[in-house]
Amino acid sequence: MALLVTKFGGTSVASLERIKNVALRLKDMKEKGNDVVAVVSAMGDTTDELIDLAKLTGDNLAPREMDMLLSTGEQQSAALLALTLQNMNCDAISLTGWQAGIKSDDKHSKAKISEINTERLRAELAKGRIVIVAGFQGISPCGDITTLGRGGSDTTAVAIAAALKADRCLIFTDVDGVYTADPRIVPEARKLSQISYEEMLEMASLGAGVLQSRSVEFAMLYGVDVEVLSSFNFNPGTLVTEVKNMEKQRVVCGVADDRNCARFALFDVPDVPGIAMKIFKALAKENINVDMVIQSAMRDNRNDIAFTIERDDLKRAVPVVQKVVKEISASGFSYADDVAKVSIVGAGMQTNPGVAADMFEALAEENINIHMISTSEIKVSCVIDEKELEKAVRVLHKKFELDKIE
Ligand code: ADP
Ligand code: ASP
Ligand code: MG
């Protein structure tokens, strides 16, 4: 008998028919003698629809109230799944995030799980029930509902698997695994049977939305084996796990794309200590993450600083940057939201020089202009015009022969 923590994403619970399909799978797992927890996302596009509804109330969307609203999506699907199971004569109970003991910090809309009190989860499992948990939500130290960032149900599932020391965490979605690129963009993309935590973390952080990057961090930290597989078929999925001898692996294992990107440029910033700190502290105070940063060469004791943030944060970032520009007496700033990020990821890059050059060559051959570059041991990312993004992904997939990966 194993303890399985499963997670079903929005498409997998988009209708009562789909929920019934999920219920049948869970019932089957239970009847085979396993203990089963199922984390669910909101049905279909419910989260987006709730956001659109909130926008109709006006411009001021307080994160606390947004979390209160958005968390209802997951509660709906959790209760419907529990009812469906009960109507199949299968004992089940649905729990909200806080009923499941999921505690978080108080950063509304991007909260991080701080602790899981597993008492209730264990008690319900001990009663022989399938335990359904509303994903994407927690409770802050002062007792307010929080949400864990878009795609956060993945993190709920992996965190519960870690806390319960589950045998495996199964993430059911609408693709049957992790591919060498988003199969919606590259039809020739290949499914990877296995991927290391490190590579998956890079892929997820760089835009491969198949897993939320926080969930991979949890998996890596607690050594949880995560399998990504489809709720629409019974194909084998992709195992995300610890892979030894990473340098013997593929040079490049995937291409990731991210449209959630916006770029700022600050002009004629005085070249004195503490300036970068002022800019980035002001943004951090507003809970805005800065991604890539470039500082140009100095001229006349001044230089230009460019950086990227998540596009979702742009509206909040503009007044912050405006204020800092005045304070540091830079000559001005500009921003653009029509940029995107394309990246290649692979553990083998560490020992194979020239991979970045190959990437730049492939983009140059297609006349794709690179605005910013960032590299780490196992990835190279370029900021380009958003309109070139899909072409860039396909060109890089071909350049690194990812359609031939076995
Ligand atoms: P869920 O609602 O189940 O959480 P998501 O839409 O969040 O599903 O994630 C699944 C989607 O991730 C797929 O439909 C696919 O288009 C996209 N995706 C992006 N990059 C990849 C990749 N490298 N491999 C597989 N899927 C990917
Ligand atoms: N429903 C939330 C979202 O759409 C969380 C999730 O699906 O994981 O982002
Ligand atoms: Mg998702």
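Read-outs throughout are calculated quantities, based only on the coordinates presented, and are distinct from any laboratory measurement. Since this is a predicted model, take the numbers as computed values, not measurements. Virtual Cβ from ideal backbone geometry, glycine too; neighbours counted across all protein chains shown.
Loop only per DSSP, at most 10 neighbouring Cβ atoms within 10 Å: give me the chymotrypsin sites (Phe, Trp or Tyr not before Pro) in region 212-316, ordered by residue number.
Phe234
Find which of Ser71, Thr84, Val39 sits farthest along the positive direction of the dipole of region 19-92, computed with +1 on the beta-carbon of Lys and Arg, -1 on that of Asp and Glu, about the Cα centre.
Thr84
Using alpha carbons only, how many angstrom separate the centre of region 325-351 from the centre of region 1-45?
39 Å
If you put +1 on each Lys and Arg Cβ and -1 on each Asp and Glu Cβ, how big is the dipole of region 22-72 around its Cα centre, in Debye rounded to 20?
Value, rounded to 20: 340 debye.
Using Cα-Cα distances under 8 Å and only pairs 6 or more residues apart, what relative contact order does the chain have, in percent?
The value is 14 percent.
Towards the positive end of the charge dipole of the chain, with charges on Cβ (+1 Lys, Arg; -1 Asp, Glu), say which of Val293, Phe8, Cys142 has the farthest Cα.
Projecting each Cα onto the dipole axis, the largest value belongs to Cys142.
When a/c is below 1.5 the answer is rounded, else prolate if a/b is larger than b/c, else oblate, so apply that to region 1-103 with a ≥ b ≥ c taken from the square roots of the Cα gyration tensor eigenvalues.
prolate
Rounded if a/c is under 1.5, else prolate if a/b beats b/c, else oblate: with a ≥ b ≥ c from the C-alpha gyration tensor eigenvalues square-rooted, which is region 158-265?
Rounded, since a/c falls under 1.5.
Please give the net charge around Asn233, taking every other residue with its beta carbon less than 15 angstrom from that of Asn233, where Lys and Arg add +1 and Asp and Glu add -1.
With Lys, Arg at +1 and Asp, Glu at -1, the neighbours total -1.
Only Lys, Arg, Asp and Glu count, each charged at its Cβ (+1, +1, -1, -1), so figure out the dipole size of region 309-406 about its Cα centre, rounded to 20 debye.
340 debye
Based on DSSP, what percent of beta bridges with both residues in region 90-221 are antiparallel, to the nearest 5?
Counting only bridges with both partners in region 90-221, antiparallel ones make up about 60 percent.
For Leu24 and Phe360, what is the calculated FRET efficiency with R₀ set at 45 Å and r taken between the beta-carbons, to the nearest 0.05?
Once rounded, the FRET efficiency stands at 0.35.
Once the Cβ-Cβ distance between Glu65 and Lys315 is put in as r, and R0 is 22 Å, what FRET efficiency do you end up with, to the nearest 0.05?
That pair, Glu65 with Lys315, gives E of 0.80.
At most 15 other Cβ atoms within 10 Å and a DSSP loop assignment: could you name the GluC sites (Glu not before Pro) in region 148-209 that fit?
Listed in order of number, the matching sites are Glu188.
Measure off 7 Å from each Cα along the Cα-to-Cβ vector at Thr57 and Asp106, then give the distance between these two points in nanometres to one decimal.
According to this spin-label approximation, the distance is 2.0 nm.
Decide, for region 72-123, between rounded, prolate and oblate: order the square roots of the alpha carbon gyration tensor eigenvalues as a ≥ b ≥ c, take rounded if a/c falls under 1.5, and otherwise choose prolate if a/b is larger than b/c, else oblate.
Because a/c hits 1.5 or more and a/b fails to exceed b/c, region 72-123 counts as oblate.
For the chain, return all DSSP H helices satisfying: extent of Cα atoms along own axis at least 24 Å; mean Kyte-Doolittle hydropathy at least 0.0.
For the chain, where a helix must reach 24 Å along its axis and average at least 0.0, the hits are 63-86.
Cross-link candidates for Lys326: which lysines have Cα within less than 17 Å, leaving aside residues fewer than 8 places away along the same chain?
Partners within reach: Lys278, Lys281.
Apply 1/(1 + (r/R0)^6) to the Cβ-Cβ distance of Glu188 and Asn235, taking R0 = 22 Å, and write down the FRET efficiency to the nearest 0.05.
0.80
What percent do you get for the relative contact order of region 186-253 when only Cα pairs under 8 Å and 6+ apart count?
About 36 percent, as a whole number.
Kindly provide the GluC sites (Glu not before Pro) of region 208-281 that DSSP labels as loop, not H, G, I, E or B, and whose Cβ sees at most 16 other Cβ atoms within 10 Å.
In loop regions of region 208-281 (DSSP not H, G, I, E or B), the sparsely surrounded GluC sites (Glu not before Pro) are Glu242.
Quick one: dipole size for the chain, taken about the Cα centre, charges +1 on Lys/Arg Cβ and -1 on Asp/Glu Cβ, in debye to the nearest 20.
Rounded to the nearest 20 debye, it is 780 debye.
Would you give the gap between the C-alpha center of region 82-125 and the C-alpha center of region 135-162, rounded to a whole Å?
Here the two parts' Cα centres lie 9 Å apart.
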